[in-house]
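Taken together, the values in this text are just the output of simple stated rules run on the coordinates, not laboratory data. Owing to the predicted nature of the structure, the values given are computational and were not obtained by experimental measurement. So basically every Cβ, Gly included, is an ideal-geometry build from the backbone, and we count neighbours across all protein chains shown.
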Amino acid sequence: MQLTRIFVHAVAALMFGYSVYYDWYFVHVPKELSPSSSGFGGKFKYLTFWDAVRLFVCTLFSFLFVFYYDLCECSFSNCT
């Protein structure tokens, strides 16, 4: 069960990380379709991009938390 939990969190963190990377470097909206996308703020003015970044940070933190506590076999009551 521990390895499954670590694997699921790692896959989720990698998927969100890659989606943010792909959106930042490869997705370019033409100026004819959205003239405001190349202005001030760039992609950071859209909440969907902020949400993807937030989900990546949260899943990465969750992966590190699960990795540390499952591998060290610590619990909240007796882990030092």
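In nm, what is the difference between 0.36 nm times the number of residues separating Glu32 and Ala10 and their Cα-Cα distance?
Values: separation 22, 0.36 × 22 = 7.92 nm, distance 3.86 nm.
4.1 nm is the gain from fully extending Glu32 to Ala10.
Separation between the Ser62 and Lys45 pseudo-spin-labels, each 7 Å from Cα along Cα→Cβ, expressed in nm?
Once both label points are built, they end up 3.1 nm from each other.
Counting just the Cα atoms, what span does the stretch 2-71 cover along each of its three principal axes? Round to the nearest Å and put the largest first.
Over the stretch 2-71, Cα extents along the principal axes are 51, 17, 13 Å.
Could you give the dipole magnitude of the stretch 2-71 about its Cα centre, charging the beta-carbon of Lys and Arg +1 and that of Asp and Glu -1, in debye to the nearest 20?
Values: 5 positive and 4 negative charges, 24 e Å.
The dipole magnitude comes to about 120 debye.
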